[in-house]
1. Failed condition for residue 142, given (1) closer than 27 Å to residue 240 by Cβ; (2) open to solvent by 10 Å² or more (accessible area, probe 1.4 Å); (3) at pLDDT 95 or above, with all others met?
2. Of (1) under 17 Å from residue 504 (Cα atoms); (2) in a loop (DSSP other than H, G, I, E, B); (3) not aliphatic (A, V, I, L, M), residue 250 satisfies all except one. Which?
3. Among the residues that make up segment 244-258, is at least one of them closer than 30 Å to residue 108 by Cα and either open to solvent by less than 40 Å² (accessible area, probe 1.4 Å) or modelled with pLDDT of 95 or more (or both)?
4. So, in segment 110-127, of the ones that are in contact with a strand residue (DSSP E or B) (Cβ under 8 Å, 6 or more places away or on another chain) and either open to solvent by 10 Å² or more (accessible area, probe 1.4 Å) or among the aromatic types (Phe, Trp, Tyr) (or both), which residue ends up modelled with the highest pLDDT?
5. Here is a check on your reading of the model: is residue 279 closer than 26 Å to residue 303 by Cβ and open to solvent by 20 Å² or more (accessible area, probe 1.4 Å)?
6. Residues being closer than 19 Å to residue 227 by Cβ and open to solvent by less than 10 Å² (accessible area, probe 1.4 Å): count how many of those fall in segment 300-326.
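The values are calculated or read from the model by the stated rules, or taken from the named source; none is laboratory data. Every value quoted in this text rests on a predicted model; they were computed, and no experiment measured them. As a convention, Cβ positions derive from the backbone with ideal geometry for all residues, glycine included, and neighbour counts pool all protein chains shown. Side chains included, ligands, DNA and RNA excluded: accessible areas come from the protein's heavy atoms. Shrake-Rupley method; radii C 1.70, N 1.55, O 1.52, S 1.80 Å.
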Amino acid sequence: MTYLVSYGCSTAAGDGVEALWKALNSPNNLQTIVDTKKWQQPPAFPWKEFQWQDRPPLGSVKDFLVAKLLLSWSECCEKLPQELKDSCRSNLGVIFASTKGCIEDYIWDQSSSFPKNSDSIYPVLESFLSKTGLSPSKSTCVSNACSSSHSAIYLADHWLQKGAVESVLIISADFIGPFIAQGFNSLKAVSPDQPKPFSETRNGLQLGDGGAAILLSATQNPLKLKLLGTSLVAVGGSITRPNSSACVESCNKALNTTSVTKRPDLIIAHGTATPTNDSAEDQAFKELFSSEAPPVTASKWCLGHTMASSGSVDLIVAAESIQRKTTFSINQSCSNDPSFLESYLRPDSKRPPSLEKSINKVLVNSMGFGGVHSAAVVEQSDDKPTATNNNTATRLFGELYIHQPNFSLQSQPDWSSKIQRWYQLDNPARSLLESYFYWAKDFPHYADLIDKSKCIVLASSGASNETDLNFAREGASSPSLFSHTLPNIRASVLLEATGWSGPLLCLQFGQRTLANGLLEACGLASSNELSPTTLIGIMPEANNGFLKTESYTVIQLTIAKEKTLLRHHQSSTSVTVFNSTKIPNRTNEIDDDMLCEWIMQPASKADDPLYLGGELWIEREIE
């Protein structure tokens with residue numbers, strides 16, 4: 001079982017959880033009018049955001065994000081009992097959840113080139129670890145759009161259940177600068193006045209700065225709060241619109257546990273206040289609970305949409321609601337949409353008499369672009385944790401595919417009828433689909449690998465650098481370009497082509513993104529419920545060390561515990577997990593160039609196994 005040990009945050013309400021709770025229970029407006037005169041594409045109305053109160057006008061966004069994460073981590077540590085402060089640092093995993101990281105630091109420099117395989121997310125994690133002195137046993141970055149925090153929680157729960165680590169620190173942060181702001185403005189998703197979740201007059205979201213730190217553990221339960229269930233469901237079909245059926249599936253999976261009843265006492269909704277989001281969520285709650293839905297509230301009316309941090313902030317709010325035995329309202333001067341449930345809490349709502357005394361279980365819902373739907377359930381619990389270690393050595397088998405597609409973005413592909421708006425795809429997404437249909441044609445059993453996969457890990461090396469640059473340099477006004485600046489989006493078109501749905505994790509790790517993704521895919525595939533897991537790597541080619549944007553290599557490795565789940569061809573590869581006592585004394589970490597060089601070698605070559613790190617080798621199987 002996974003337990004919520006401690007947390008801290010920093011939002012437009014100020015630094016700390018107490019400032020957050022006070023703001024949510026106050027009608028005060030935290031919006032700030034932003035000077036947009038120097039923006040490439042200024043909005044047609046006065047631009048408002050929910051900004052950090054001490055945000056500097058200039059300077060390094062990376063440094064500022066790290067400073068806010070340090071504040072959140074400091075608050076998190078202060079709440080820990082002394083005997084837990086040291087124990088939670090040992091055998092620790094760290095996950096950084098972010099949508100665009102420190103993109104503002106370099107995206108507007110028209111003369112800049114992006115180094116191959118760099119991204120705007122990993123440098124924040126790297127700096128945070130350096131400043132805290134933490135040396136985690138495992139670490140990665142998750143970029144699943146606005147569901148990044150929940151996706152990180154899903155991965156952290158897996159690490160803890162497998163016994164890979166004893167504690168996991170999830171940090172999350174996003175800075176709302178011109179890049180993200182102009183992107184959402186191009187989508188026409190922003191309200192010109194204020195966000196009004198679940199209101200008949202709702203007309204869009206507003207964005208907000210946010211950072212948070214959440215510490216989870218498998219062996220400690222000081223707050224008497226456990227993570228009852230987590231879920232992650234990604235579907236294809238629409239990049240920017242939520243899917244109510246997927247939302248129902250996600251919530252059901254998080255709620256469907258051994259608990260006596262799956263009905264929560266309270267729901268913290270995603271509640272962005274866009275017409276499509278709120279309608280999809282309300283429809284999902286109706287299907288889940290009929291007319292007897294629990295009370296529903298949301299935080300984005302007060303804090304703005306804090307992007308990747310929104311899930312962490314809402315999980316903190318859920319924990320506070322349980323501990324304080326009270327909650328907050330959607331405190332706007334507007335009424336609920338009459339077509340919606342009557343469960344949404346407003347200042348003048350008649351609350352159920354038992355609500356203030358019986359908040360013991362809270363469902364927190366989250367949704368993100370790219371068809372990502374996720375949920376987490378927090379419950380009060382007196383459990384006494386017992387340490388478990390399921391991280392036993394396992395032999396894994398993999399089937400490997402490699403393709404370097406050659407195409408023109410302007411040419412209509414043979415598969416165009418299977419993808420909505422195929423002509424809006426960027427180079428990485430088009431490369432992935434060209435590879436998928438190429439493999440499906442040449443290897444009759446190939447499509448079964450995707451169908452059978454229980455999880456997909458996307459290692460998008462270089463993230464979305466090419467599309468980021470194109471969006472900025474073309475005036476920051478194209479909605480299709482902006483949607484593809486989210487790294488996880490390139491996988492959503494594969495889901496649309498295949499009809500696959502399930503857990504999808506987009507991981508970034510600088511120049512070790514593919515190697516890190518392979519390590520995580522092996523860990524996921526070693527569990528019965530997530531075997532097979534498919535790793536997809538989209539690798540930009542290099543030109544003197546810098547991004548050569550017109551050329552990508554796509555790598556797919558499907559990994560399973562049982563060889564019978566795969567049908568090997570001549571370039572298949574096996575992966576083996578050894579006990580640490582059997583590993584030679586090697587301390588070097590491979591980067592993506594080294595891994596790609598090994599992968600691209602002819603399958604018939606009897607090369608030495610490649611040490612990946614931790615307890616993992618990868619060796620080629622000669623048949």
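1. It fails just one condition, (2).
2. Every listed condition holds for residue 250 apart from (2).
3. The answer is no; no qualifying residue exists.
4. 122
5. yes
6. Count: 14.
Residues checked against (1) of a type in the set (S, T, N, Q); (2) more than 24 Å from residue 4 (Cβ to Cβ):
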| residue | (1), (2) |
| --- | --- |
| 287 | no, yes |
| 291 | yes, yes |
| 313 | no, no |
| 320 | no, no |
| 342 | no, yes |
| 347 | no, yes |
| 351 | no, yes |
| 365 | yes, no |
| 371 | no, yes |
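Residue by residue, here is whether (1) out of contact with any Gly (no Cβ under 9 Å at 6 or more places or on another chain); (2) touching a residue at least 24 places away in the same chain (Cβ under 8 Å); (3) over 16 Å from residue 362 (Cα atoms) holds:
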{"position": "266", "(1), (2), (3)": "yes, yes, no"}
{"position": "269", "(1), (2), (3)": "yes, yes, no"}
{"position": "291", "(1), (2), (3)": "yes, yes, yes"}
{"position": "295", "(1), (2), (3)": "yes, yes, no"}
{"position": "298", "(1), (2), (3)": "no, yes, no"}
{"position": "303", "(1), (2), (3)": "no, yes, yes"}
{"position": "326", "(1), (2), (3)": "yes, yes, no"}
